[in-house]
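Here the structure is laid out as structure tokens; the discussion comes afterwards.
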């Protein structure tokens, strides 16, 4: 089932897909988590300015981010680029 598209997902995919893909391939759990969280924080800061962050907007962004993460992981698995430790 494709992600619900409210425009946020398309923007995230076009802007953060490569950055997130690179972060997901980082060696070491803690380093990988920090890079993924850094990408997510950058997306949140770009899309929802601090002063206007509301629950609804943040939930839509987090849902779209989760969908993007799933797409990146799926694409890495299908391309055979998944880290050995995940196999």
Query raised in the report: What are the pairs, 6+ residues apart or on separate chains, where a residue within segment 17-34 that is under 14 Å from residue 81 (Cα atoms) has its Cβ under 9 Å from a residue that is surrounded by fewer than 12 Cβ atoms within 10 Å (Cβ to Cβ)?
Result: 21/81; 23/37; 25/81; 27/85
**Report entry** Qualifying positions in segment 32-59 - exposed (fewer than 15 other Cβ atoms within 10 Å of the Cβ) and modelled with pLDDT of 80 or more
**Finding:** 33, 34, 37, 38, 41, 42, 45, 46, 59
Query raised in the report: Can you tell me which residues in segment 70-87 are touching a helix residue (DSSP H, G or I) at 6+ places or on another chain (Cβ under 9 Å) and either at pLDDT below 65 or not in a helix (DSSP H, G or I) (or both)?
Result: 81, 82, 83, 85, 86
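The values are calculated or read from the model by the stated rules, or taken from the named source; none is laboratory data. These numbers were taken from a predicted model, which means no experiment stands behind them. With ideal geometry, Cβ positions are generated from the backbone for all residues, glycine too; neighbour counts draw on all protein chains shown.
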